[in-house]
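Reviewing the structure listed below.
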Amino acid sequence: RKEVEQDPGPFNVPEGATVAFNCTYSNSASQSFFWYRQDCRKEPKLLMSVYSSGNEDGRFTAQLNRASQYISLLIRDSKLSDSATYLCVVNLGTGGFKTIFGAGTRLFVKA
Amino acid sequence: GAVVSQHPSWVICKSGTSVKIECRSLDFQATTMFWYRQFPKQSLMLMATSNEGSKATYEQGVEKDKFLINHASLTLSTLTVTSAHPEDSSFYICSARDEKGAQTEAFFGQGTRLTVV
C-alpha cells in the first residue's frame with residue numbers, strides 16, 4: 001500500500017464548478033499535512049496546510065481527519081487558472097521529517 | 001519566506017558523463033535536505049535524504065553509487081548523477097525545511113531538467 005494515496009484523476013470540470021480531492025495516508029506517525037500545487041514542468045508550491053480543525057483560504061478549504069487518516073481539499077467556484085496537479089503531502093514524524101508526496105490529481109478547468 | 005535555490009535549471013549531457021546538481025537554502029539552515037525525481041506524468045518520488053555531515057539515506061531501489069549525495073554544509077547539498085544514461089533523463093527537485101522556523105512545510109528548489117543524449 002502506498003504511503004499517501006490520492007484520487008487518480010484527471011478531473012475535468014467547467015468553470016464555476018466545485019471540485020473535491022481526497023487523500024489517505026497509511027503512517028499513523030504522520031505529523032503534518034499539506035496540499036501543494038504543481039504546474040506543468042515546474043516545482044510544487046505550497047497551497048495550504050491542513051489542520052484537524054479545518055482551514056479555509058478563499059475558495060479553498062482543507063480538512064484533516066486523523067482517526068480515518070484522511071485529508072481533503074475542496075475548491076469552490078473553480079477558475080481556469082486552477083488547472084494544475086494537486087499533491088497531497090505528508091511529513092512523517094520519524095527520521096527527520098521525511099516528506100512523502102501523493103501521486104497527484106490533475107485538474108482541468110474548462111471554459 | 002524560506003527560499004531554496006537549485007542549479008542548474010536544465011542540463012543536457014552525453015551518455016557516460018556525470019552531472020552535478022546543487023541545492024542551497026538561501027535564508028535558513030537545513031541539516032536535512034531531500035532529493036526527488038519526477039518522470040513525465042508521474043509523481044515526485046523521493047530518492048534520498050541528505051544529512052549534513054553524514055551519509056545520505058537512500059530509498060529502496062535507488063543506487064547510492066550512481067546518485068552521489070554530498071551535504072557538506074548547513075546550506076548546501078549536491079546530487080551527482082554519475083555515468084548518466086538516457087534513462088536517467090528526468091526532472092530532479094530538492095527540498096528542505098527550515099528546521100528552526102515555526103513552519104513545517106517543505107520548500108522546493110526550482111528543479112533541474114536533465115536530458116541525457
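The values are calculated or read from the model by the stated rules, or taken from the named source; none is laboratory data. None of the values given here were measured: they were computed from a predicted structure. No Cβ is skipped: glycine too gets one built from the backbone with ideal geometry, and neighbour counts run over all protein chains shown.
To keep it simple, each residue is scored yes or no on (1) away from chain B (no Cβ under 14 Å); (2) outside any loop (DSSP other than H, G, I, E, B); (3) not aliphatic (A, V, I, L, M).
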| site | (1), (2), (3) |
| --- | --- |
| A:Lys2 | no, no, yes |
| A:Asn22 | yes, yes, yes |
| A:Gln31 | no, yes, yes |
| A:Leu47 | no, yes, no |
| A:Leu107 | yes, yes, no |
- Of (1) under 14 Å from B:Glu105 (Cβ atoms); (2) more than 10 Å from chain B (Cβ to nearest Cβ); (3) not basic (Lys, Arg), A:Gly54 satisfies all except one. Which? (1)
- Query: Quick one: which strands (runs of 3 or more DSSP E) sit completely within region B:18-115 and have at least 3 residues that are within 8 Å of chain A (Cβ to nearest Cβ) and at pLDDT 90 or above?
  - Reply: B:90-96
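For region B:60-69, indicate whether the set of residues that are touching a residue at least 40 places away in the same chain (Cβ under 8 Å), surrounded by 17 or more Cβ atoms within 10 Å (Cβ to Cβ) and under 11 Å from the mean Cα position of the chain (by Cα) is non-empty.
So in region B:60-69, the residues touching a residue at least 40 places away in the same chain (Cβ under 8 Å) come out as none.
No; the residues of region B:60-69 include none that is touching a residue at least 40 places away in the same chain (Cβ under 8 Å), surrounded by 17 or more Cβ atoms within 10 Å (Cβ to Cβ) and under 11 Å from the mean Cα position of the chain (by Cα).
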- Query: Within the bounds of region A:10-18, is there any residue that is in contact with a strand residue (DSSP E or B) (Cβ under 9 Å, 6 or more places away or on another chain), crowded, with 18+ Cβ neighbours inside 10 Å and among the hydroxyl-bearing types (Ser, Thr, Tyr)?
  - Reply: no
- Which residues, taken from region A:57-77, are in contact (Cβ under 8 Å) with a residue 40 or more places away in the chain and either facing another protein chain (nearest Cβ under 10 Å) or crowded, with 21+ Cβ neighbours inside 10 Å (or both)? A:Ile71, A:Leu73, A:Ile75
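Can you find even one residue in region A:88-107 that is over 20 Å from B:Ile93 (Cβ atoms), modelled with pLDDT of 95 or more and either buried (at least 19 other Cβ atoms within 10 Å of the Cβ) or of a type outside the set (A, V, I, L, M, F, W, C) (or both)? First the steps, then the outcome.
Taking region A:88-107 as the starting set, the residues that turn out to be over 20 Å from B:Ile93 (Cβ atoms) are A:93-94, A:107.
From the residues that got through so far, the ones that are modelled with pLDDT of 95 or more too are A:107.
Filter once more, so that each one left must be either buried (at least 19 other Cβ atoms within 10 Å of the Cβ) or of a type outside the set (A, V, I, L, M, F, W, C) (or both): A:107.
Scanning region A:88-107, I find at least one residue that is over 20 Å from B:Ile93 (Cβ atoms), modelled with pLDDT of 95 or more and either buried (at least 19 other Cβ atoms within 10 Å of the Cβ) or of a type outside the set (A, V, I, L, M, F, W, C) (or both), so the answer is yes.
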- Within region A:42-70, can you find the residues that are over 13 Å from the mean Cα position of the chain (by Cα), at pLDDT below 90 and within 30 Å of B:Ser5 (Cβ to Cβ)? A:Lys42, A:Glu43
